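Trainee: Dropping a structure here in C-alpha cells format, bear with me for questions.
All of the numbers you see were taken from the coordinates with simple rules; none came from a lab. All values derive from a computational prediction rather than experimental measurement. Here Cβ is always computed from backbone atoms with ideal geometry, including for glycine, and neighbour counts include all displayed protein chains.
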Amino acid sequence: MSNEHALQHIVGRSAWTDQLRKQITQVAPYHYSVLITGPTGTGKELVARAVHASSPRSDHPFIPVNCATVPGGLFDSQLFGHLKGAFTGAQYAALGCFRAANEGTIFLDEIGELDLDLQAKLLRVLQDKCVTPVGSHESIPVNVRVLAATNRDLAKECEAGRFREDLFYRLNVVRMETVGLRQRPQDVLTLADHFLAKVTVESGLPLKRLSDNAQKLLATYDWPGNVRELQHLIERAVIFSHDDVLDCDAFPQLDSVARPTGEESFEPTTPRLFESDDDAWPSLDDVQREHIRKTLEETAFNRSAAARMLGIDRKVLARKMKKFGIDAPAGRTS
C-alpha cells in the first residue's frame, strides 16, 4: 500500500496533523514497539492503523485488542490461543490474537486497564517472542509488531504501582501522542466536511453542508469528546435534519454554547469547558466526569446508548461511573 493511501484517513490541515503524518512516515518502516498516548476520542487507533498500513507488514493482519474488555480468566486464551479440550467449552482449537497477527501488527488498546498479573503474562510474550496456548506446554514463536495505546499517563501509573515499569519500557520504545481537538481548532471544519461526506456515503442520504453560523458554532465549541464527539454530532445532524443546509438548530446538543448571530468575526479559538479562575482549572477527571454525566443525561441514563455515543465499551462506562460516583436515577439500570 502506498504511504499516501495509508495516510488518507489522517484528516486535518493543522500544523499538528501535518507533523503527525510525518511521524507516521518516519516510524512505520521499523519493527519497534510504539506507545500511542492521548485523550479519549483523539484517534489513537486511527494512528495505529496508519502506522501498520504504511509499514512493510501492511499485507499481513492488523489485530486490535481492547484490553479493557478482555476478562481476566479468558486473557490467556484470547491472546495466546488454546487447544481443543483445554477447558470446558473449548470444542475447537483457537489461534489467539498474537498468532492471528503473525507477520503483521497487534494493537493493544487501553493497555493501561490491564491488571498487574495480566501485565506480567504480556511482558513474557514480548520478551520471548513466543506464546504458549492454553492446554499446551509448547512455545510457539510469533513475529508480531506491537502497538499499544492508552489515555493514562503510564509513567505516573508506574510510580503508583499500577503498571509494571519493565512493561512500560518494553512498550515505550517509540512514543506518539495525540492531542485534543481544542488544541488544533484548524482541523474542526475539515473534519466536519470529511464526516459529512462519509455519512452521506454510508447512509445513502443526499450530501449536506454547514451554514456559516453552524461552522462558527462548531469552530468555537470546546469539544470535550474530541474527534469522536464531532463525528457523532455530524452523523446525528445528517440523519435527523430534513434540510440540505445544516444550521445551528441541527446541533441541539450544543445549546450551552452561545449561538453566533452572523455579525461577529469568525476566528477559531480555544474556549474553556468550565467558567472558572485559573487556580480552579478543572482536572482531566473533572472533564471526563462532566462529559460522561451529560452524555448519560442525554440518553436518559441508557448505558448502552451512552457507551455508543462515547465510543467506549459498556463495561468501561460502568467502571468510569463507579470511579466518578455517577449513579443512575432510581429505576434506571439499563
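Trainee: Quick one: of K84/K121; K22/K323; K121/K320, which pairs are farther than 27 Å apart, Cα to Cα?
Mentor: Going by Cα-Cα distance, K22/K323 fall outside the 27 Å limit.
Trainee: So for the range 10-121, taking the charge dipole from beta-carbon charges (+1 Lys/Arg, -1 Asp/Glu), which of L20, L118, N102 sits furthest toward the positive end?
Mentor: Positive-end residue among those listed: L20.
Trainee: Sticking with this one: In square nanometres, what is one fourth of the surface area of the convex hull spanned by the alpha carbons of the chain?
Mentor: 20.3
Trainee: Running Debye on the range 34-76 with equal point scatterers at the Cα sites and no solvent, what base-10 log of I(q)/I(0) appears at q = 0.16, 0.19 Å⁻¹?
Mentor: With one equal scatterer per Cα and no solvent, log10 I(q)/I(0) is -0.56, -0.74.
Trainee: Could you sort 71-78, 100-107, 308-315 so that the peptide with the highest average Cβ count within 10 Å comes first and the rest follow in order?
Mentor: Taking the mean over residues of other Cβ atoms within 10 Å, the ranking is 100-107, 308-315, 71-78.
Trainee: Continuing with the same structure: Less than 11 Å Cβ to Cβ from Y30, Lys/Arg counted +1 and Asp/Glu -1: what total charge do the surrounding residues give?
Mentor: +2
Trainee: Still on this structure, I have one more. Per-residue ellipticity at 222 nm for the chain, helices alone: DSSP H runs ≥ 4 residues times -39500 (n - 2.57), over residue total, nearest 500 deg cm²/dmol? Don't skip to the end; give the middle numbers.
Mentor: Details: 14 runs with 137 residues, N = 334.
Mean residue ellipticity, 222 nm, calculated: -12000 deg cm²/dmol.
Trainee: Can you say what percent of the DSSP beta bridges in the chain, counting only those with both residues inside, are antiparallel? Round to 5.
Mentor: In the chain, DSSP labels about 15 percent of beta bridges as antiparallel.
Trainee: Taking 30 Å as R0, compute the FRET efficiency from the Cβ-Cβ separation of Q8 and S241 and round it to 0.05.
Mentor: Details: r = 27 Å, r/R0 = 0.91.
Efficiency at R0 = 30 Å is approximately 0.65.
Trainee: Now for a separate question. With +1 assigned to the C-beta of every Lys and Arg and -1 to the C-beta of every Asp and Glu, and no other charges, what is the dipole magnitude of the chain about the Cα centre in debye, to the nearest 20?
Mentor: 1200
Trainee: Let me ask something additional. What is the helix-to-structure angle for 226-240, meaning the angle in degrees between its Cα long axis and the longest Cα principal axis of the chain, kept from 0 to 90 and rounded to the nearest 10?
Mentor: Relative to the chain, helix 226-240 is tipped by roughly 60 degrees.
Trainee: Given Cβ point charges of +1 (Lys, Arg) and -1 (Asp, Glu) and nothing else, what value in debye, to the nearest 20, does the dipole of the range 1-62 about its Cα centre take?
Mentor: 100
Trainee: Among the DSSP beta bridges whose two residues both lie in the range 3-179, what percent are antiparallel, rounded to the nearest 5?
Mentor: 15
Trainee: Could I ask something else about it? Binning at 10 Å from 0, report for the range 279-324 what percent of all alpha-carbon pair distances ends up in each bin.
Mentor: For the range 279-324, the pair-distance distribution reads 29, 55, 13, 3.
Trainee: OK, next. Could you tell me how far the Cα centroid of the range 172-237 sits from the Cα centroid of the range 63-90, in Å?
Mentor: 36
Trainee: If Lys and Arg each add +1 and Asp and Glu each add -1, what is the summed charge of the other residues whose beta carbon sits under 12 Å from the beta carbon of K121? Walk me through the intermediate numbers first.
Mentor: Working: positive: R124, R164; negative: D76, D115, D117, D128.
Net local charge, K121 excluded: -2.
Trainee: Mind ordering 14-25, 43-54, 173-184 by average Cβ neighbours within 10 Å, highest first? Let's see the in-between values first.
Mentor: Details: 14-25: 16.0, 43-54: 22.7, 173-184: 18.2.
Descending mean neighbour count gives 43-54, 173-184, 14-25.
Trainee: Now for a separate question. Taking Rh as the Kirkwood radius, which is the inverse of the mean 1/r over Cα pairs, what is the Rg/Rh value for the range 183-254? It would help to have the intermediate numbers written out before the result.
Mentor: Numbers: Rg = 11.1 Å, Rh = 12.1 Å.
My calculation of the ratio gives 0.92.
Trainee: Could you name the lysines in cross-link range of K198, using Cα to Cα under 16 Å and dropping any fewer than eight places away on the same chain?
Mentor: Filter leaves K208.
Trainee: Using every Cα-Cα pair within the range 1-149, state what percent have a distance larger than 26 Å.
Mentor: Counting every Cα pair in the range 1-149, those more than 26 Å apart make up 29 percent.
Trainee: Let me spell out the model: positive unit charges on the Cβ of Lys and Arg, negative unit charges on the Cβ of Asp and Glu, origin at the Cα centre of the range 279-324. What dipole size does that give, in debye rounded to 20?
Mentor: Dipole magnitude for the range 279-324 comes out near 400 debye.
Trainee: Quick one: angle between helix 15-27 and the longest Cα principal axis of the chain, in degrees between 0 and 90, rounded to 10, please.
Mentor: The angle comes out at about 20 degrees.
Trainee: Quick one: which of 319-325, 212-218 comes out on top by average Cβ neighbours within 10 Å, and what's the full order, highest first?
Mentor: Ranking the peptides 319-325, 212-218 by packing returns 212-218, 319-325.
Trainee: Against the globular-protein guess of 2.2 N^0.38 Å, express the Cα radius of gyration of the range 46-123 as a ratio, rounded to two decimals.
Mentor: This ratio for the range 46-123 stands at 1.19.
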